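Everything below concerns the one structure shown next.
The values are calculated or read from the model by the stated rules, or taken from the named source; none is laboratory data. Since we're looking at a predicted model, the values are computed, not measured. Methodologically, a virtual Cβ is constructed for each residue, glycine included, from the backbone with ideal geometry; neighbour enumeration extends over all protein chains shown. Side chains included, ligands, DNA and RNA excluded: accessible areas come from the protein's heavy atoms. Shrake-Rupley method; radii C 1.70, N 1.55, O 1.52, S 1.80 Å.
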Amino acid sequence: MTVDAARQVQATDHPTNPANRPASVDQTFTDFDGVAYHLESPSKAGPLTLSMDIRCWSELVQAGAMDVLQREYGSWLRSSVEPEYSVTLEFDFAKVPAPGPERDALIESVSLLKRNAMAAPFERAFALQKQLEQASEGGQPAAPGEIMPINYRDDEAIYVIPSADRVTVVFSTTFKEETDKVLGKVFLQEFVDARRQPSIQNAPQVLYSNREPPLEVRKVAGLNRGEDVGYVTFVLFPRHFANAEVMAGTISRIQLFRDYLHYHIKCSKAYMHSRMRHRVAEFLKVLNRAKPELAEKERKTASGRTFRRA
């Protein structure tokens, strides 16, 4: 189950649903990048708890994830966390808003739990960029930005680096197959070429390197330097996080880039395989139509009599 499925569970199994029939629930489900959730209401009287486990939680906490979650969820954020999980939200049935826009907004906010936790390093980087920019305008030498790693998968990571005039985001992604490398390079080259169009020149700059890490992260300890690793760099300028609305959109989109890339690689491979199977089937039809019909020949015995096989 994905977070969208969790939203449906909350809307249907929540004890304050429109039918007003209290119900218990105990549901586990997963999201991208190995994130696990546990939705539980042990009794009809509640409360309802939603716990999330994410691999890079310690790094997110260092980047200010708890402050972001406290801002987004307030009193719903429980101080004690369910064992084997990273964070827990708790909902008292009596305090849940009545059906309407306010409850819909709460459900949508809860469905974005992972997104909001992952937003912390980006929000911190944007704030640091403004500080570095102000310092450089005051005549102070620009100090190198802090590299914030997010090891959100076993062999992949995101690196967020603020500087005085930009925020650089580097994705390290692993291609399991040689075909994936080729398709990934084609997709990423299209990102570079598409930016030349006048209508989207304000989009972030995208750079791609295979095996060789970008200069910004080359000195990071424990960097994956395998033959199957590629690095995608996004350069975000202040216009990409100029206000709260633009910043939220940028954070939401860039978090999903890795899933977006690999999803399209898999779809492209599936499409090419289906076209290959279709073409092979057409070739087999042509070959079947090209088979000559063997004319039946008369055979003779030693005495000269003819016969035909039945």
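Let me check something: with ligands and nucleic acids excluded, how do Met272, Met247, Met148 order by accessible area (1.4 Å probe), largest to smallest?
Result, largest first: Met272, Met247, Met148.
Report the extension gain between Leu106 and Glu177 in nm, rounded to one decimal, defined as 0.36 nm multiplied by the number of residues separating them, less their alpha carbon distance.
The Leu106-Glu177 span can extend by a further 21.4 nm.
When the expected Rg is taken as 2.2 N^0.38 Å, what fraction or multiple of it is the alpha-carbon Rg of the chain?
Compactness ratio reported: 1.49.
Leaving ligands, DNA and RNA out of it, work out the accessible area of Thr233 with a 1.4 Å probe and give it in Å² to the nearest 10.
Using a 1.4 Å probe on the heavy atoms, I get roughly 10 Å².
Restrict the search to segment 117-216; then list the trypsin sites (Lys or Arg not before Pro) that DSSP places in a loop and that have at most 10 other Cβ atoms within 10 Å of their Cβ.
Those satisfying the criteria are Lys176, Arg196.
On average, how much area does the Cα convex hull of segment 26-132 cover when viewed from any direction, in nm²?
Mean shadow area of the hull around the Cα atoms is 7.8 nm².
Taking the alpha-carbon centroid of each part, what is the distance from segment 21-55 to segment 97-136 in angstrom?
Using only Cα atoms, the two centres lie 22 Å from each other.
Expressed as cubic angstrom per residue, what is the convex hull volume of the alpha carbon set of segment 140-211?
Spelled out: Cα convex hull of segment 140-211, divided by residues, is 113 Å³.
How high is the relative contact order of segment 158-310, in percent, with contacts defined as C-alpha pairs under 8 Å that are six or more residues apart?
Over segment 158-310, the number comes to 22 percent.
Per residue, how much accessible area does segment 65-160 show when a 1.4 Å probe rolls over the protein heavy atoms, in square angstrom?
Per-residue value: 51 Å².
Note down the nm distance, to one decimal, between modelled labels 7 Å out along Cα→Cβ at Val220 and at Tyr260.
1.9 nm
What full-extension length gain, to one decimal in nm, is calculated for Lys269 and Lys130 as 0.36 nm per residue of separation minus the Cα-Cα distance?
Gain on stretching Lys269 to Lys130: 45.8 nm.
Counting only GluC sites (Glu not before Pro) that are in a DSSP loop and have at most 10 other C-beta atoms within 10 Å, tell me the longest site-free stretch of the chain.
Counting only loop sites that pass the neighbour cut-off, the longest clear stretch is 85-226.
Take the Cβ-Cβ distance between Leu77 and Met276 as r, set R0 to 51 Å, and report the resulting FRET efficiency rounded to the nearest 0.05.
Rounded to the nearest 0.05, the efficiency is 0.50.
What's the angle, to the nearest 10 degrees (0 to 90), between helix 257-290's Cα axis and the longest principal axis of the chain?
Between the helix axis and the principal axis of the chain, the angle is about 10 degrees.
Lys and Arg at +1, Asp and Glu at -1: add these up for the other residues within a Cβ distance under 10 Å of Glu82 and post the number.
Counting the neighbours of Glu82, the net charge comes to -3.
Top mean-square fluctuation among Ser51, Ser75, Ser86, Gaussian network model of the chain, C-alpha springs under 10 Å?
Sorting by GNM fluctuation, first place goes to Ser75.
Using a 1.4 Å probe over the heavy atoms of the protein chains, calculate the carbon and sulfur portion of the accessible area of the chain as a whole percent.
Carbon with sulfur: 53 percent of the solvent-accessible area.
Using the alpha-carbon centroid of each, what span in Å lies between segment 257-286 and segment 143-163?
Measuring centre to centre over Cα atoms gives 34 Å.
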